[in-house]
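Working notes, structure below.
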Amino acid sequence: MKKYLITAVGICTAVVLFSNCHSSKKAAASSANTVTAPAVSYAVNVKSIVETHCSPCHIPSKGGNKKALDSYDNLKGSIDDVLHRIQLNPTDRGFMPFKNPKLDSSTIAVFQQWHDAGMPQ
């Protein structure tokens, strides 16, 4: 009888241990802990920032006479320069937006995330 009791306890212990080691639980736990940044695109995130903060200077339809940033292709071709200039201090030469306060860090981060994501349209 003692032999059966020891065997039953051993089987119960093994069942408990192996039920907690299932790979699908590990995958579910690891995917629940993974935080992914929301996708940043020109149409959804960047375009509205450009229209708000770069107008009228860089928007020809609003009377701007500086380098046009009014389309995806125009901004994509100038993103490195734009990133550099919006990260400058207002006292630095080339600072953008000219004669306006510096963009907040979260707005600058949107441009950087868009650039780092490969500039999706």
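Please treat every number below as a calculation from the coordinates, not as lab data. Not measured: the values here are computed from a predicted model. Positions of Cβ are backbone-derived with ideal geometry, glycine not excepted, and every protein chain shown enters the neighbour counts.
For VAL110 and SER55 in the same chain, what is the full-extension length gain: residue separation times 0.36 nm, less their Cα-Cα distance, in nm?
Details: separation 55, 0.36 × 55 = 19.80 nm, distance 1.77 nm.
Taking VAL110 through SER55 to full extension adds about 18.0 nm, to one decimal.
Principal axis extents for the range 42-116, Cα atoms only, whole Å, descending order, please.
29, 28, 19
What is the order of THR52, THR107, THR91, fewest Cβ neighbours within 10 Å to most?
Numbers: THR52 11, THR107 14, THR91 6.
With the sparsest Cβ surroundings first, the list reads THR91, THR52, THR107.
How large is the dipole of the range 46-121 about the Cα centre if only Lys and Arg carry +1 and Asp and Glu carry -1, each at its Cβ, rounded to the nearest 20 debye?
Details: 9 positive and 8 negative charges, 58 e Å.
So the magnitude is around 280 debye.
Looking at the range 42-110, which trypsin sites (Lys or Arg not before Pro) are DSSP coil and have at most 11 other C-beta atoms within 10 Å of their C-beta?
Working: sites: LYS47, LYS62, LYS66, LYS67, LYS76, ARG85, ARG93, LYS99, LYS102; in loops: LYS66, LYS67, ARG93, LYS99, LYS102.
In loop regions of the range 42-110 (DSSP not H, G, I, E or B), the sparsely surrounded trypsin sites (Lys or Arg not before Pro) are ARG93, LYS99.
Which order results if SER41, SER48, SER61 are arranged by neighbouring Cβ count within 10 Å, fewest first?
Values: SER41 15, SER48 12, SER61 9.
Starting with the residue having the fewest Cβ neighbours, the order is SER61, SER48, SER41.
Test of the criteria: in the range 53-121, which chymotrypsin sites (Phe, Trp or Tyr not before Pro) are in a DSSP loop and have at most 13 other Cβ atoms within 10 angstrom of their Cβ? Please report the intermediate quantities before stating the final value.
Numbers: sites: TYR72, PHE95, PHE98, PHE111, TRP114; in loops: PHE95, PHE98.
Loop-located and lightly packed - PHE98.
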